[in-house]
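**Student:** Handing you a structure now.
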């Protein structure tokens, strides 16, 4: 009986060594596979002697994995914000860059000064019109960049929501598969690898917390407490993208979509449940950051409009009538979106059929008047350069001229970009540090080879025990 037990023990040892070798070889083969978690054979002592294989464990630190997901979400969020601010800064440029709003304001001032010194020159008057038109066009271009950013953010939200729904469904399906495989007593590690990779993808969009459930399943909750998955089916996130986002469209007035969960619309207060991650960043761009820039550029356009629509500057204008700059070729209809609609008055635009002499005689003048009269041109130059209270406090907290306000726009964007990039760099560095620590728990070839050598020795020892016990048994049987 003792020899039989010895042989049985040796056989169990051989089986454990063989299975351990299989696990090591799998680890080495998958060393470079993204999302692969190192396996380790779980064994225990049998009550009847020998060794029992309890299964294969995935060696992943749950705490480190949770930290990694939160860090990846924060990095995705701050990265999107920094990218947005960088795009706005590029559009606004600095005052000394060719084609910037500041340089075009300076160019208009130079053209007005030149025309004032020679008001009879049609060429110089035309240069004033060209400079004013170029300035209005540049303001339009900046406003369009802001509008495109909002539209892009809206589409990015739609993309994130689609990815979120698809990936949640995949996690739910993997949950079901893992439950079945585990119930059959088979190794579900490969399925768990796939599930971990899917959850990692979700975590970049919305920071999530993973909670273990029975039979190998997991539940997912946002850090704000919203249930995304708990059971056999996942929540369904709803969102309706707009084809284009204009300055007047907001979440508050219902023109833009918010999120819904299983058909239940989320209010503004509920959106905090999705804070962090790329999804929240795109909502922030669409509903907060871009509208703030829009308000600043609109205020700049309103200041520019008002300076030249003053009858004290051009006596041919009626009160409330547009001057050198118009609101879509009309009088001011409102500040919101004015930067998109600002245009040179076609009455003074030769390229649109107007007459440049109106810059000298007045926009509504009935005749060209005296060719040597520079008084209106002088007042136009003064209107551009004199310090005035801004049209809105979002433009500046103190009085200034148009060039000052243009510089304020550029410097504000640069400051926002620097702050956003600082946060993004910190979040990215933090995420990389945690990811490095997480990867350090992965497959290490030296460790695996050491384990393999130990398994080889154990296999040889068990084989020797088996051989000796078997020989002893043969000797006993040979006595008959």
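**Student:** Do we have any residue at all in region 277-290 that's assigned to a loop (DSSP other than H, G, I, E, B) and at pLDDT below 95?
**Tutor:** No, every residue in region 277-290 fails to be assigned to a loop (DSSP other than H, G, I, E, B) and at pLDDT below 95.
**Student:** Oh, and also: Taking the options 38, 19, name whichever one is within 30 Å of residue 439 (Cα to Cα) and either without any contact (Cβ under 8 Å) to a residue 24 or more places away in the chain or buried (at least 18 other Cβ atoms within 10 Å of the Cβ) (or both).
**Tutor:** Just one listed residue meets the conditions, 38.
Per-residue answers, yes or no, for (1) touching a helix residue (DSSP H, G or I) at 6+ places or on another chain (Cβ under 8 Å); (2) surrounded by fewer than 16 Cβ atoms within 10 Å (Cβ to Cβ):
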{"position": "134", "(1), (2)": "yes, no"}
{"position": "164", "(1), (2)": "yes, no"}
{"position": "169", "(1), (2)": "no, yes"}
{"position": "189", "(1), (2)": "no, no"}
{"position": "192", "(1), (2)": "yes, no"}
{"position": "195", "(1), (2)": "yes, no"}
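**Student:** Would you mention how many residues in region 22-35 are assigned to a helix (DSSP H, G or I) and either touching a residue at least 24 places away in the same chain (Cβ under 8 Å) or within 14 Å of residue 459 (Cβ to Cβ) (or both)?
**Tutor:** 6
**Student:** Same structure, new question: Among the residues that make up region 247-255, is at least one of them closer than 15 Å to residue 73 by Cβ and modelled with pLDDT of 95 or more?
**Tutor:** no
**Student:** Take residue 14 and tell me if it is assigned to a helix (DSSP H, G or I), touching a helix residue (DSSP H, G or I) at 6+ places or on another chain (Cβ under 8 Å) and under 30 Å from residue 209 (Cα atoms).
**Tutor:** no
**Student:** Quick check on region 41-74: of everything there that is without any contact (Cβ under 8 Å) to a residue 24 or more places away in the chain and in a strand (DSSP E or B), which residue is farthest from residue 460 (Cα to Cα)?
**Tutor:** Out of the qualifying residues, it is 57.
**Student:** Evaluate the following for residue 51: is it outside the structural domain of residue 224 (by the TED database), touching a strand residue (DSSP E or B) at 6+ places or on another chain (Cβ under 6 Å) and at pLDDT 75 or above?
**Tutor:** The answer is yes for residue 51.
**Student:** Out of curiosity, is residue 455 within 33 Å of the chain's Cα centre (by Cα), crowded, with 18+ Cβ neighbours inside 10 Å and part of a helix (DSSP H, G or I)?
**Tutor:** no
**Student:** For region 98-107, check the following and say yes or no: at least one residue is in the same structural domain as residue 380 (by the TED database), assigned to a loop (DSSP other than H, G, I, E, B) and under 18 Å from residue 303 (Cβ atoms).
**Tutor:** Yes.
**Student:** Could you please let me know if residue 162 is over 20 Å from residue 266 (Cβ atoms) and in the same structural domain as residue 101 (by the TED database)?
**Tutor:** Spelling it out, it is not the case that residue 162 is over 20 Å from residue 266 (Cβ atoms) and in the same structural domain as residue 101 (by the TED database).
**Student:** Also: Please go through region 122-151 and pick out each residue that is closer than 24 Å to residue 298 by Cβ and free of Cβ contacts under 8 Å to residues at least 12 places away in the same chain.
**Tutor:** 137, 148, listed by residue number.
**Student:** From the list 318, 368, exactly one residue is more than 19 Å from residue 105 (Cα to Cα), surrounded by fewer than 21 Cβ atoms within 10 Å (Cβ to Cβ) and touching a helix residue (DSSP H, G or I) at 6+ places or on another chain (Cβ under 8 Å). Which is it?
**Tutor:** 368
**Student:** Let me ask something else. Residues that are over 25 Å from residue 33 (Cα atoms), out of contact with any strand residue (DSSP E or B) (no Cβ under 8 Å at 6 or more places or on another chain) and modelled with pLDDT under 95: find the strands (runs of 3 or more DSSP E) completely inside region 152-229 holding 1 or more of those.
**Tutor:** Ranges flagged: none.
**Student:** Mind telling me which of the residues 328, 277 ends up being surrounded by 21 or more Cβ atoms within 10 Å (Cβ to Cβ) and touching a helix residue (DSSP H, G or I) at 6+ places or on another chain (Cβ under 6 Å)?
**Tutor:** Going through 328, 277 in turn, the sole match is 277.
**Student:** Mind listing whichever residues of region 291-312 are part of a loop (DSSP other than H, G, I, E, B) and surrounded by fewer than 20 Cβ atoms within 10 Å (Cβ to Cβ)?
**Tutor:** Within region 291-312, 310, 311, 312 qualify.
The values are calculated or read from the model by the stated rules, or taken from the named source; none is laboratory data. Every value quoted in this text rests on a predicted model; they were computed, and no experiment measured them. Glycine gets a Cβ as well: all are built from the backbone with ideal geometry, and neighbour counts include every protein chain shown.
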